[in-house]
Amino acid sequence: MLSSDHDPLGPFDWPRPDAEVRAALEAAYADGSWGKYHGGHTARLADALRGWLNVEHALLCCSGTFAVQLALRGLGIGAGDEVILAGYDFPGNFRAIEAAGARTVLVDVVRGGVTLDASLLADACSPATRAVIVSHLHGTMAPMSSILAVARERGLMVIEDACQVPGARVDGRLAGTWGDVGVFSFGGSKLLTAGRGGAIVTSRPEVAQRAKVYCEQGNNAFPLSELQAAVVLPQLGTLADLNAHRRTSAQRLIAALAECSAIRPLASTAAGTEAAYYKVGLWLYPDGPGEVPRERFIAAAQRLGVPVDAGFRGFVHRGPRRCRLTGALDQSRRAAEQFLVLHHPVLLEPPEVIDAVAAALVRVAGEAVE
């Protein structure tokens, strides 16, 4: 029996108290902009995103999930087109492709990781394949240079899903700026949060124009509110420092788990990266099936206050009616069955809390095999 006879850690709340966010809320109330169609905050946020990311266009919208669909619409993807997606990814990305009227082509993720395997990209293409969605997940960054090389050779457009990693870099370049369109989320659990919301960024004017036309249905049918934009703006100024704190904590956690054979932190899949840890990815029983089902392991860790959950379910069970499969998706299946994620708020805690979280995970792993 897995025990929980120690006082639990946490809770690790998010969002944390933020004086600048509170000031922004109070200012929006005082000047009435919180209740206006055009109160100035959305325009300032769009300008800030353009400047930060060095892109020509930034369009705000109601969610990161919808932003993926908006990116597809902006690229002109529709009926009869195919879009490549990793077999392990956020479920909303699959649905976004369907919502655009296109068909999903599933390819496997890299061995030992959860990002799209660039070596499989070329063989996944057919004459109907027009785009690929690339997600950075669980503290690892996709190898964008390799993916873009294949995409350009094959004439594919690239949507870079940076919803989990604002401020991260690949080869020194900010995530979200590699592809034809970058996607960001301001959802309630994200590193930049407004409860809901998202954005697409691009330097292709025709893509921005198509996206804008799609949203205009009498007025903007999928907006970010003025109040949401007001609270995101001050978070841009603190993001780099908070990301650095999370990286330091993640590295400490990874080092503390080095001798635990039951848990292996996810290694980055691209050299020269500067990750942003929305989640820390953890392989459970990386060398084979464990003694305890993942659900029981998670429940035991959560009783100790460790904020872990299973990763995504992935798409390995999707049938040919909904998508085209390329290969057996063995690595995607493994990720769906064996993956854990540690939620980011704990990474902002002091080093002694990180050590306690690592010790709790090791303890659960030890009790699981006794």
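The values are calculated or read from the model by the stated rules, or taken from the named source; none is laboratory data. In this text the structure is predicted, and so the values were computed from the model without any measurement. Cβ: placed from backbone, ideal geometry, glycine included. Neighbour counts: every protein chain shown. For accessibility, only protein heavy atoms count, side chains too; no ligands or nucleic acids. Shrake-Rupley method; radii C 1.70, N 1.55, O 1.52, S 1.80 Å.
In table form, for the structure just shown:
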read-out	value
Within the range 131-254, percent of DSSP bridges classed antiparallel, to nearest 5	45
DSSP bridge pairs, the chain: antiparallel proportion in percent, nearest 5	55
nm² value of the averaged projected area, convex hull over the Cα atoms of the chain	18.6
Rounded to whole Å, sorted largest first: equivalent-ellipsoid semi-axes of the range 299-370, Cα gyration tensor	33, 15, 9
Cα convex hull volume per residue for the range 104-245 (Å³)	137
Amide H within-cut-off set for T273, under 5 Å, with H built and near neighbours excluded	D171
Local net charge near V316, Cβ-Cβ under 14 Å (Lys/Arg +1, Asp/Glu -1)	+2
For the range 225-370, convex hull of alpha carbons as volume per residue, Å³	172
Whole-angstrom Cα spans of the range 40-164 along principal axes, big to small	47, 33, 27
Sparse-neighbourhood loop sites, trypsin sites (Lys or Arg not before Pro) in the range 68-140 - DSSP loop, at most 16 other Cβ within 10 angstrom	R111
At least 20 Å along the helix axis (C-alpha) and Kyte average at least 1.0, DSSP helices within the chain	351-368
Rounded percent of accessible protein surface that carbon and sulfur make up, the chain, 1.4 Å probe	52
Heavy-atom accessible area ranking, 1.4 Å probe, most first, across H317, H57, H138	H317, H57, H138
DSSP bridge orientation in the range 70-142 - percent antiparallel, rounded to nearest 5	10
The range 1-97 - Rg over Rh from alpha carbon coordinates, Kirkwood radius	1.13
Accessible area per residue, Å², the range 1-145 with all protein chains present, probe 1.4 Å	44
Accessible-area order (highest first, 1.4 angstrom probe) of the listed residues M157, M144	M157, M144
Whether the range 71-138 is rounded, prolate or oblate, judged on the alpha carbon gyration tensor where a/c under 1.5 counts as rounded	oblate
Global size of the range 212-282 as Cα Rg and Dmax, reported in angstrom	19.0, 59
Calculated [θ] (222 nm, deg cm²/dmol) that DSSP helices of n ≥ 4 give over the chain, each run adding -39,500 (n - 2.57)	-12000 deg cm²/dmol
Fluctuation leader among I84, I298, I133 - the chain, Gaussian network, Cα springs under 10 angstrom	I298
Most fluctuating residue given options A86, A256, A175, as computed from a GNM of the chain linking Cα atoms under 10 Å	A256
